[in-house]
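What follows draws every value from the coordinates through simple rules; no lab data is involved. Just so it is clear, the structure is predicted and the values come from calculations on it, not from any experiment. No Cβ is skipped: glycine too gets one built from the backbone with ideal geometry, and neighbour counts run over all protein chains shown.
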């Protein structure tokens, strides 16, 4: 299982609100967060959270409405859902941090009664994983002076018993409430969203804070913190993107002459590609690829890896967001000074209503524009793809085996699924199967395919989207198109030589230059 050395964690109760969830996802994607612990997510008319591009959602409905889930990005490494401990109100996962297992749980417990025995499930989860690092976050709806409440209620006492009974520590810091609402003209606040950590990892929880700007539509405030390994903590903006060059607004025809000249400095011109053997061809293309990269380093600006930003986010939405945050700080200031709150509370209601309305209208307008845009697809393609009903992709989770035990790793889970749905074939062939296998080894007596033309290669590259992430060579299709236009004979010779030799395995994996993809499209 892959290891991570640091986690940036975000958790919040989303009030089952579509707007709240939308705001939360925007902040989660734009920030350096890797994992989110979510209580009361928006599920619409169904029981589960719908798929979100770029995010794995660990949720365990079991036929009930999901009220707690965990969202992760790919930077978390390999994360395994723990179905044996999970329910609609408790989502548990396992990952590695600093070479040790870290068990994480997202929890939601209803205010009046724990109908789903979530506290008992949590206690069992903590006891069964007590020999490893543990982290729990969620909305417990419990009051206790330990985390800032004026008094304790029965739920708070139950939570304290579980915390102390399992050697857990409270990570909440400061005096900022995690829940705030206005009722009958009065501001009510509480500290019901808690973060708990085992003693083995408690000292690695840093920068815990409440941030009211993450999710304006929810009455709960988002909580963020970091989990680090021993040693000096390092902040990094390192990106895993394969986009190295910023090709936006490049005037390719004006660049072409200097591009050709630079390539010719590094690439031998008088070579007989038609006579090259596989090893010679591969070495030659290593030289070509390196030459293109060096030339791009000199002629093209570098991609800066800009922050994620919602494509339809407007200045009006940004202004409204700042006004809501400013109003929140003003209310806190007036409360500390024991001054009247009526005007500030009316302003809060007006701003929240305006923000929600503008947010919804802008999002809807963008969605309508998207549906009305027509490119190569016919009039129904976009609509059918959007409204099709299909279950969300499930990230890896433990499975219950026939003997009653559970799988413990992603590999074991994958093997169990393979054994169940794709059992090994019987190696004892029947006569019919043996004849079919023998027939498949006979080459058909057909004429050879004609060589590719320059026009076919050009057409294939023109059909590719330059904004599609490139491979490890960092060369997008527009860069490759410039090379093909600059060296048409060389490109055609290389592709046809590869085709004649049947040599695409290493060439396609290591030195794509989009040529192998071109071939794949042209031969289908």
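For this structure, a couple of remarks:
- Distance in nm between pseudo-label sites at residue 316 and residue 270 (7 Å out along the Cβ direction from Cα): 6.8
- For the peptides 339-349, 216-226, 324-334, the ranking by mean Cβ contacts within 10 Å, running from highest to lowest, is 216-226, 324-334, 339-349.
- Long-range tail of P(r) for segment 72-198 (Cα pairs > 23 Å, %): 34
- Remark: the residue 349-residue 279 segment gains 18.1 nm on full extension, using 0.36 nm per residue and subtracting the alpha carbon distance.
- Descending Cα extents along the principal axes, segment 315-373, whole Å: 54, 16, 11
- If R0 is taken as 56 Å, the Cβ-Cβ distance between residue 112 and residue 248 corresponds to a FRET efficiency of 0.55.
- Using the Cβ-Cβ distance between residue 131 and residue 472 with R0 set to 25 Å, the FRET efficiency from 1/(1 + (r/R0)^6) comes to roughly 0.05.
- Hull volume in cubic angstrom per residue (convex hull over the Cα atoms of segment 59-108): 70
- Residue 364 paired with residue 443, simple spin-label distance in nm, labels 7 Å along Cα-to-beta-carbon: 6.5
- Projected label distance in nm at residue 436 and residue 175, using a 7 Å step from Cα toward the beta-carbon: 7.7
- Stretch gain in nm, segment residue 203-residue 401, where the contour uses 0.36 nm per residue and the Cα spacing is subtracted: 67.6 nm
- Size descriptors for the chain (Cα atoms only): Rg and Dmax, in that order, 29.0, 93 Å.
- Rounded to the nearest 500, the helix-only mean residue ellipticity at 222 nm of the chain stands at -12500 deg cm²/dmol, with each DSSP H run of n ≥ 4 adding -39,500 (n - 2.57).
- Along its first, second and third principal axes, ordered by size, segment 109-178 spans 33, 29, 17 Å in Cα coordinates.
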